[in-house]
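The values are calculated or read from the model by the stated rules, or taken from the named source; none is laboratory data. Quick caveat: nothing in here was measured; it's all calculated off a predicted structure. FYI the Cβ positions are ideal-geometry reconstructions off the backbone, even for glycines, and counts take in every protein chain you see. Ligands, DNA and RNA are stripped out before the accessible areas are found, and what is left, the full protein with its side chains, is counted by its heavy atoms. Shrake-Rupley method; radii C 1.70, N 1.55, O 1.52, S 1.80 Å.
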Amino acid sequence: MTQGKDKAVVLHGHKKIGYKKINMRRVLQKLVGAGKALIFIVVLGLGGSFQNGFHLTAISSPSPYIQSFINSSWTDHYGGVPGEKTVTFIWSAVVALYALGGLFGSMAVRYLTSHLGRKKSMLLNSALAVVATVIMYISKPTNSFELILVARFLLGFGAGLGGNVHIIYLGESSPKKIRGIVTLTAATFLSLGKLSGQFAGLREILGREECWNILLCIPAFFCVVQLAILPFFPDAPRYILIEKGNTQQCKRALQSLWGPGDYKLEIEEMLAEQAVIGEEHNKSLLDLLRDKHLRWQILSILVINGCLQFSGISAITVFSFNIFLEAGIPVDKIRYVTLGIGASEVLISITCSLFVESVGRRALMWRGFGGMSAIMALITVTLYLKDYSSVIPYSTVVLIFLFIIFYGGGPAGIAPSLANEIFIQSYRPAAFVFTGFPRWLGFTIFGFIFPFLIAGLKSLCFVLFSCICLIAALYVFFILPETKGKTLLEISQEFENIRACGSSTEDVMCLETKL
């Protein structure tokens, strides 16, 4: 890259950052102003990523009671007491079927969003969650562990579908200037759901043996709220204009969400993207994979989401009880430690949303992954040395808090919504199908193998997580372009400007990105 080009990019970056700082006060005014944006974000969040967050953590607290229920249900149905490995396998299936459902839910995103739109897809998802909740509730009085498996699969399907549609809906409803802040609220509601699941799972609340089925039904209340309120909001403005071709309805949708205004620049940007797309709406996953112009975007999605899935966060989220037990933390204190971790994730997610438009997505991600890599290496050491001092187990807790801070301060919020920013309208639903595949497939596999992994490798399994986080940090630092303050067509051009060794007729000796 030439020096002049570098200078132009730097000056351009300073201009953008200064612009964002000047207008930061207007962001909150826009959210709570004459439009209904804030209510829209809250309603969408409670029926969207909040559901996934709650079910990820709430399942940890009643795990001993559910395993005991599986034991008694098996004996009642099939006669004889099941072996320990049988119960462990069924419990792993309870965890993994949620992820398998998420995989199928992600694969349904393109079909449902193209046929129903963004709003109706979210409403369908909430209705499905209510049905799954009823099945979960009746599993206990009917003494059927099989119903738990069915309910977990359906809840996972809703998490895979709703989580992706939630991000698409937000991204296609927000102006470019605050797109990062708005889409990052999906991560905030995910972390809020995790915290709510941890709090409700306390023994003093619903973490008792007689209440575990009630605990797992709590999120359905917010789905009912969404079913009652979301019909009064418009569909995504970008979807209305680019795919339905209705400019006036798009303008009314923007005014309904963000208050009075002509929104000329936003509509012109959408029309420009519509002109590029032409009549080719809703490309398939096969079309996405065949398009050679999208190879860097596809590789970026695969590397970042794959590394995020195997970064160790799933281990800490789902199997936190086992991790702290391995660290030597007393059993009666583990619930309160995980509650503190959930609270820190919510706070750091909110903080990240305030800085994402000034610092940028790329910087937050590579620093976050880099910090996670270093902390995972240190956790390996503290778990190995835990018997040498009574202080070391508590240092493991501190490191896990720091891991959550680095995780929530960049990768957690930005990686899931990355497909929303680097793919144009026609490829976006297919991109979320592709994004969901490594994420939920990895979670499915991880749900099965982690109980055996931590039993076999002990603290050494965290070395693997450290290496994976380091790979992600290096990829983001050297390859991924910045997306803040740019249109989707500009971002696509940034990826077009990436050059790898031997891929161009120019005398390029190393990989180059226009950053």
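Test S284 against the criterion of being closer than 23 Å to A419 by Cα, among the small types (G, A, S) and touching a residue at least 12 places away in the same chain (Cβ under 8 Å), and give yes or no.
yes
In the set F434, F465, which member is modelled with pLDDT of 80 or more, among the aromatic types (F, W, Y), open to solvent by less than 20 Å² (accessible area, probe 1.4 Å) and part of a helix (DSSP H, G or I)?
On the way: F434 fails: open to solvent by less than 20 Å² (accessible area, probe 1.4 Å).
Result of the check over F434, F465: F465.
Annotation note: of L103, L116, L154, the sole residue that is modelled with pLDDT under 95, of a type in the set (A, V, I, L, M) and buried (at least 20 other Cβ atoms within 10 Å of the Cβ) is L103. Inside the range 58-70, can you point out the residues that are of a type outside the set (G, A, S) and open to solvent by 10 Å² or more (accessible area, probe 1.4 Å)? Passing the criteria: P64, Y65, Q67, F69. Taking each residue of the range 376-394 that is of a type in the set (D, E) and looking for partners that are open to solvent by less than 60 Å² (accessible area, probe 1.4 Å) with beta-carbon atoms closer than 8 Å, six or more apart or interchain, yields D387/G328.
With a requirement of 1 or more residues that are more than 27 Å from V433 (Cβ to Cβ), charged (D, E, K, R) and modelled with pLDDT under 80, the helices (runs of 4 or more DSSP H) lying completely within the range 262-329 that satisfy it span 320-327. The single condition among (1) more than 30 Å from S466 (Cβ to Cβ); (2) surrounded by fewer than 19 Cβ atoms within 10 Å (Cβ to Cβ); (3) among the aliphatic types (A, V, I, L, M); (4) under 25 Å from the mean Cα position of the chain (by Cα) that I277 does not satisfy is (4).
Can you spot a residue in the range 415-422 that is acidic (D, E), open to solvent by less than 30 Å² (accessible area, probe 1.4 Å) and either modelled with pLDDT of 85 or more or farther than 19 Å from L289 by Cβ (or both)?
yes
If you go through the range 376-414 and pick out every residue that is hydroxyl-bearing (S, T, Y), open to solvent by less than 10 Å² (accessible area, probe 1.4 Å) and under 24 Å from the mean Cα position of the chain (by Cα), you end up with 0. Applying the selection to the range 251-264, what residues are open to solvent by 50 Å² or more (accessible area, probe 1.4 Å) and without any contact (Cβ under 8 Å) to a residue 12 or more places away in the chain? Result: D262, K264.
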